[in-house]
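The values are calculated or read from the model by the stated rules, or taken from the named source; none is laboratory data. Quantities reported herein were computed from a predicted structural model and do not represent experimental measurements. Cβ: placed from backbone, ideal geometry, glycine included. Neighbour counts: every protein chain shown. Protein only, heavy atoms only, side chains kept; ligands, DNA and RNA dropped before computing areas. Shrake-Rupley method; radii C 1.70, N 1.55, O 1.52, S 1.80 Å.
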Amino acid sequence: MAWSSVTEERMRDNILRIVNEGANRLTSPEFIQKNMLDFINKRKEEGADYIPWSAIDLARGYSGFCVLFGALDRANPNEDWDHVGHAYLQEIQEALNRDGIPSFSLWTGLAGVVIAARSLSREGERYENFISELNSIFLSSFPDMMEYMHAQLEQGPALDQFDVIQGLSGIGRYVLCFSHEQEMRQALEHIILYCIKLSECRLHNGLYVPGWFVSYDNYTGYNREDYPDGHFNCGLSHGIPGVLSLLSIALAQGVEVEGQRDAIHNMVQWLLKWKGKDEFGHVWPAMISWEQHQQGKVENLTAHEAWCYGSPGVARAVWLSGVAMDNDEWKTIAIETYRGIAVRPEEKWHIQSDTLCHGYAGLLQMVQRMYSESSDEIIGTLRDDLVQKVLQRWKSDRRYGFQESEGEDRQDLPGLLDGAAGVFTVLNGLLQEQDSDWDLIFLIR
């Protein structure tokens, strides 16, 4: 895919300095594990929420560091970053031998481990047996998994069954990496068929609604009580844009089954129906309640410029759909959305974190993709402004230099999804002359 690297010399020097200094703080698996377990214990003592840590996770565990060091190894193959990544992969293998495989998910399970090994494989030259073994384990359990998923779909789906983080959108993106292999191609086609089924309307409370409606009983999010009658999720991380991205990316790569184009069309049209506008540009809601869906409107929309939830993630999915379906109208709407971000005041972006999931690094990576593929000058200026903002957020006296924020709570996290490793991976990519596919795990390519 097209790629437009940062060319301004001083900016490149700053990026290189921060990436090198930051990545060198992340070279010890033992140090990372200790810090994460200490962090969790502190959260427990404070009575605060926390996410359990797992060595194999792509989100906060060792698999995410393999993505970072794989990217650094591709950029600088003579600097021994592959040795650092190998140490992490050995720890992952030991964890799998000790604890087994908890799930097949992209961000917390087997799919993420395969992506980790693939990232370090130097275009498939290394870790072939390890990857092949994990793919075989996946394929052996795939029929049972899909039988369960279809049974759940008939009763009404849960987000973690179809989303990017734990569900079939993320798993499908992993499988797409191996679609040149016959059995994996067949598995991907079955996943696409599930997504097509998900796109079909079904009966709920006497009314036909899109199949991705999630009832109160099937939702376990922190804001569950805000949606007592269920909701429709519009976030790229957990909602229908992730499914849309998978179908569109697969179609663009030549994987198509009957009904796929119709499903893409229906999802895009539904998202466009719920597109709002402020004085600067297009805005999407994070979630749509049952009541709002029945009323046909969401009032008082506010922008949220993040990957997980917000307009840039939705617009990126719409762009990918426009590319796959050769639909200029959809691509234009996506470009307009990013132009809107460029003129919207920063205080109205409603992001605080430095990181990928819901912070500046995630917005930067999406803007970088859109600029590289559209060559839009306004988006290009936004890209350069965002690079400066991310660099200014670096604080060398912090443990990892970049931080995650939840309100007033600033957290020093090292991982890929909501930690410093993700920021370093984004910044490193801006220095490269050629595109890298590491961000496929975010379903933005």
Could you count how many residues in region 255-278 are out of contact with any helix residue (DSSP H, G or I) (no Cβ under 9 Å at 6 or more places or on another chain) and open to solvent by 50 Å² or more (accessible area, probe 1.4 Å)?
2
The residue that is nearest to the chain's Cα centre (by Cα), considering only those in region 253-268 that are assigned to a loop (DSSP other than H, G, I, E, B) and not hydrophobic (A, V, I, L, M, F, W, C), is Gln253
How many residues are modelled with pLDDT of 95 or more and open to solvent by 20 Å² or more (accessible area, probe 1.4 Å) when one looks only at region 419-436?
2
Identity of the residue in region 296-332, of a type in the set (Phe, Trp, Tyr) and open to solvent by less than 40 Å² (accessible area, probe 1.4 Å), that ends up farthest from the chain's Cα centre (by Cα):
Trp330
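Against the definition (among the hydroxyl-bearing types (Ser, Thr, Tyr), farther than 15 Å from Ile444 by Cα, free of Cβ contacts under 8 Å to residues at least 60 places away in the same chain and in contact with a helix residue (DSSP H, G or I) (Cβ under 8 Å, 6 or more places away or on another chain)), how does Thr355 come out, yes or no?
Working: among the hydroxyl-bearing types (Ser, Thr, Tyr): yes; farther than 15 Å from Ile444 by Cα: yes; free of Cβ contacts under 8 Å to residues at least 60 places away in the same chain: no; in contact with a helix residue (DSSP H, G or I) (Cβ under 8 Å, 6 or more places away or on another chain): yes.
Taking the combined requirement at face value, the residue does not satisfy it.
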Residues to consider are Ala334, Ala324, Ala342; find the one that is more than 24 Å from Val243 (Cβ to Cβ), part of a helix (DSSP H, G or I) and at pLDDT 95 or above.
Ala342
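Within region 357-445, considering only helices (runs of 4 or more DSSP H) that don't extend past its boundaries, which have at least 3 residues that are among the basic types (Lys, Arg)?
Details: elements: 360-374, 377-393, 420-430.
Correct list: 377-393.
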Which ones in region 143-175 are open to solvent by 20 Å² or more (accessible area, probe 1.4 Å) and touching an Asp or Glu at 6+ places or on another chain (Cβ under 7 Å)?
Gln166
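Does Val367 fit the bill of being in contact (Cβ under 8 Å) with a residue 40 or more places away in the chain and more than 22 Å from Pro285 (Cα to Cα)?
On the way: in contact (Cβ under 8 Å) with a residue 40 or more places away in the chain: yes; more than 22 Å from Pro285 (Cα to Cα): no.
It is false that Val367 is in contact (Cβ under 8 Å) with a residue 40 or more places away in the chain and more than 22 Å from Pro285 (Cα to Cα).
Every residue in region 35-60 that is open to solvent by less than 90 Å² (accessible area, probe 1.4 Å), of a type outside the set (S, T, N, Q) and closer than 15 Å to Thr108 by Cβ, please.
Of all residues in region 35-60, those open to solvent by less than 90 Å² (accessible area, probe 1.4 Å) come to 35-41, 43, 47-48, 53-60.
From the residues that got through so far, the ones that are of a type outside the set (S, T, N, Q) too are 36-40, 43, 47-48, 53, 55-60.
Once the filter is applied, which keeps residues that are open to solvent by less than 90 Å² (accessible area, probe 1.4 Å), of a type outside the set (S, T, N, Q) and closer than 15 Å to Thr108 by Cβ, region 35-60 yields Met36, Trp53, Ala55, Ile56, Asp57, Leu58, Ala59, Arg60.
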Please give the number of the condition Glu94 fails out of (1) farther than 24 Å from Cys195 by Cβ; (2) in contact (Cβ under 8 Å) with a residue 40 or more places away in the chain.
(2)
Taking region 279-295 and keeping only residues that are over 23 Å from Leu159 (Cβ atoms) and open to solvent by less than 70 Å² (accessible area, probe 1.4 Å), one is left with Phe280, Gly281, His282
Taking Ile378 as meeting all but one of (1) open to solvent by less than 10 Å² (accessible area, probe 1.4 Å); (2) touching a helix residue (DSSP H, G or I) at 6+ places or on another chain (Cβ under 8 Å), write down the number of the exception.
(1)
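Scanning region 92-137 for residues that are assigned to a loop (DSSP other than H, G, I, E, B) and polar (S, T, N, Q), which turns out farthest from the chain's Cα centre (by Cα)? Before you say what the answer is, go through the steps one by one.
Taking region 92-137 and keeping what is assigned to a loop (DSSP other than H, G, I, E, B), we get 100-109, 120-127.
After this cut, where a residue has to be polar (S, T, N, Q) as well, the list is 103, 105, 108, 121.
Working: Ser103: 18, Ser105: 12, Thr108: 13, Ser121: 21 Å.
If we take residues in region 92-137 being assigned to a loop (DSSP other than H, G, I, E, B) and polar (S, T, N, Q), then Ser121 is farthest from the chain's Cα centre (by Cα).
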Take region 206-248 and flag every residue that is open to solvent by less than 10 Å² (accessible area, probe 1.4 Å), more than 19 Å from Gln155 (Cα to Cα) and in a loop (DSSP other than H, G, I, E, B).
Cys234, Gly235, Leu236, Ser237
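With respect to Leu416, determine if the residue is surrounded by 15 or more Cβ atoms within 10 Å (Cβ to Cβ) and over 26 Å from Pro345 (Cα atoms). Explain how you work it out, then say what you get.
Details: surrounded by 15 or more Cβ atoms within 10 Å (Cβ to Cβ): yes; over 26 Å from Pro345 (Cα atoms): yes.
Against the criterion (surrounded by 15 or more Cβ atoms within 10 Å (Cβ to Cβ) and over 26 Å from Pro345 (Cα atoms)), Leu416 qualifies.
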Residue list for region 351-373, restricted to those being hydrophobic (A, V, I, L, M, F, W, C) and either open to solvent by less than 10 Å² (accessible area, probe 1.4 Å) or out of contact with any Asp or Glu (no Cβ under 6 Å at 6 or more places or on another chain) (or both):
Leu356, Ala361, Leu363, Leu364, Met366, Val367, Met370
Restricting region 1-34 to residues that are of a type in the set (A, V, I, L, M, F, W, C) and open to solvent by 20 Å² or more (accessible area, probe 1.4 Å), the residue that is nearest to Tyr400 (Cα to Cα)
Phe31
Take region 291-316 and flag every residue that is in a helix (DSSP H, G or I) and closer than 22 Å to Gly230 by Cβ.
Glu291, Gln292, His293, Gln294, Gln295, Gly313, Val314
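Let's see how each residue does on (1) among the small types (Gly, Ala, Ser); (2) out of contact with any helix residue (DSSP H, G or I) (no Cβ under 9 Å at 6 or more places or on another chain); (3) at pLDDT 95 or above:
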position	(1), (2), (3)
Ser140	yes, yes, yes
Glu183	no, no, yes
Ala187	yes, no, yes
Glu200	no, no, yes
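Does region 16-72 hold any residues that are hydrophobic (A, V, I, L, M, F, W, C), part of a helix (DSSP H, G or I) and closer than 23 Å to Leu440 by Cβ, and which are they? Quick ask: steps written out before the conclusion?
Of all residues in region 16-72, those hydrophobic (A, V, I, L, M, F, W, C) come to 16, 18-19, 23, 26, 31-32, 36-37, 39-40, 48, 51, 53, 55-56, 58-59, 65-69, 71-72.
Pick out the ones that are also part of a helix (DSSP H, G or I) and you get 16, 18-19, 23, 26, 31-32, 36-37, 39-40, 65-69, 71-72.
Selection gives Val19, Ala23, Leu26, Phe65, Cys66, Val67, Leu68, Phe69, Ala71, Leu72.
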Step by step: first the residues of region 394-411, then only those that are surrounded by fewer than 17 Cβ atoms within 10 Å (Cβ to Cβ) and modelled with pLDDT of 95 or more, then the one that is nearest to Ile171 (Cα to Cα). Which residue is that?
Arg399
